[in-house]
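Visitor: The structure is given below, and queries will be raised subsequently.
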Amino acid sequence: MIASIFFDFTLPNAATWFYFSFLLALAVFFKFDRLLSLRNWDLITLFLLVPGFLLLQEAHALQGVLPESHRDVLTSNHASEKLPPDLESIRDRAQSLLVIGYIWLVAGSGYFFARCIFDLGLEKRPNLTVNLNQQGLVWLTVALFLSLSVVAIRRLPDLPAQLGRGPVALTRVQEGAIAVVSYQSGTADWNEATATFWVTRLVAIGLHLTVVVALFLIGTRHFRDPTAGVGMGCLYLMLPYTGAHVSQVHHVWPVVFILWAVYAYRRPTTAGALLGVAAGSAFFPFLLFPLWFGFYRGRGSVRFAVGFLLAAGISLGITAALLLMSGELRQYLNVTLSLSDWQAWKPPHMEGLWYGSHWAYRLPVFIAYMAFIVLTMFWPTPRNLGQVIAQSAAVVIGIQFWYADQGGVYVLWYLPLVLLMMFRPNLVDVRPPVPPPDAGGLVGVAQRFVERIRGNGAAKKPIVQAA
């Protein structure tokens, strides 16, 4: 039928998405009249990690050709069962591509880490003007979001269903949502697989939309440039990492709360609560606590710590209650304590750069990273918002160096923070507000309460006398 031609739409593969998104990003954001500028360099290097993902993708495709017993190409424990020469060459190629791909990703993460540290010394920030006006950027952002929604529903033809292992808290919440949707549907053809598909996709689309909104509001309020806010959201949707991981809920969930904590930085309690929810559900944001506590030192650090610990405790308590009701609490605790993903002193068992290597090679990297975490807490104060954004990105990027479960692929954990760092203006004077002298501690709260009562009593006296 003629009508079917207009609906015969084929999604591009990952390589095509990479090339066309790169050309589109250059057309919209590249400053052709200032070729040798840091802004142009930042724009080009945003695509630095894509070749590593393409190498991993090709390696995984070759793994699918091999017999199931030989798909673990990073080990050589298959000497008892020989493969035909053609399959043996495929296995060797898949092994080399995996190793090169993870080396590429970790090396690219090292560049972004160095870029974040370099950004701490930059004060003069020329505006990143865009080659489109604000209305055109809004239209392009909406079009990209709709396109990514289609990608989330139909999926790119050559990408795996999931990258990395999601945290227990998110997994349990997702399973509960799937159970509710399956029960509410009440139809025989709405099985668990269908409910899982739609819940995961809709949640992921909503989270990406939340990231775009947060970037826009930060650009509008804190950068005082709505065009920069729209530009950050547009570039976030345009980059191949977002399209490749558009349905990966555990990749985008933590950064949503980190972004909104950046937006609410003037309210230490709110910012702490947002980071606490992220830490209680995805765990790695716990590593941001020393940095942000040092940021609020003398400017609301106690309120930040209380909000963080309460939110993290509630999140962990809810997860523990759900596991306890299902009788799986002890099992998940044992599994969590035995995982080598986050424990650098244990041999890794998941695919990644460190897979098959001795733990002694990963431990020095982990120790150096933890030293950096301690350093962020005692960084000279007062710190401005630009420094906190760059340091937060560096903290999350540093996880990729020693994380054993496909370390290097979690680009969405820090990509919005890198965009904030690259687009930000001069934020030297943007710091948490200094509380008034009587605003600290429980004594200050009691003083304000007493003063409010006295003020209400004084306001009532003239009315009585007039009567």
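No value in this document is a laboratory result; all are computed from the given coordinates. Since this is a predicted model, take the numbers as computed values, not measurements. No Cβ is skipped: glycine too gets one built from the backbone with ideal geometry, and neighbour counts run over all protein chains shown.
Visitor: Hey, fewest Cβ within 10 Å first, where do S4, S247, S149 land in order? Walk me through the intermediate numbers first.
Guide: Working: S4 7, S247 24, S149 17.
Ranking S4, S247, S149 by Cβ neighbours within 10 Å, fewest first, gives S4, S149, S247.
Visitor: In which sequence would W253, W198, W17 go, from the one with the fewest C-beta neighbours within 10 Å to the one with the most?
Guide: With the sparsest Cβ surroundings first, the list reads W198, W17, W253.
Visitor: Net charge within 13 Å of R297 by Cβ-Cβ distance, Lys/Arg positive one each and Asp/Glu negative one each, not counting R297 itself? Spell out each step's value before the answer.
Guide: Numbers: positive: R299, R303, R383, R431; negative: none.
Every neighbour counted, the sum reads +4.
Visitor: Here's a follow-up. So what's Rg/Rh here for region 11-435, counting alpha carbon atoms and using the Kirkwood radius for Rh?
Guide: Details: Rg = 22.0 Å, Rh = 22.8 Å.
Using only Cα positions, Rg/Rh for region 11-435 is 0.96.
Visitor: Dipole magnitude of region 11-435 about its Cα centre, charges +1 at Lys/Arg Cβ and -1 at Asp/Glu Cβ only, in debye to the nearest 20?
Guide: Numbers: 28 positive and 21 negative charges, 329 e Å.
Its charge dipole is roughly 1580 debye.
Visitor: Grab the other residues whose beta carbon is less than 15 angstrom from that of L132, score K and R as +1, D and E as -1, and report the net. Could you put the intermediate results ahead of the total?
Guide: On the way: positive: K31; negative: D225.
That works out to 0.
Visitor: Tally Lys and Arg at +1 and Asp and Glu at -1 over the other residues with C-beta under 11 Å from the C-beta of P433: what net charge comes out?
Guide: On the way: positive: R266, R267, R299, R431; negative: none.
Taking every Cβ under 11 Å from that of P433, the sum is +4.
Visitor: What is the fewest-to-most order of K82, K124, K31 by other Cβ atoms lying within 10 Å of their Cβ? Don't skip to the answer; put the middle values down first.
Guide: Details: K82 9, K124 5, K31 15.
Ascending number of Cβ neighbours within 10 Å: K124, K82, K31.
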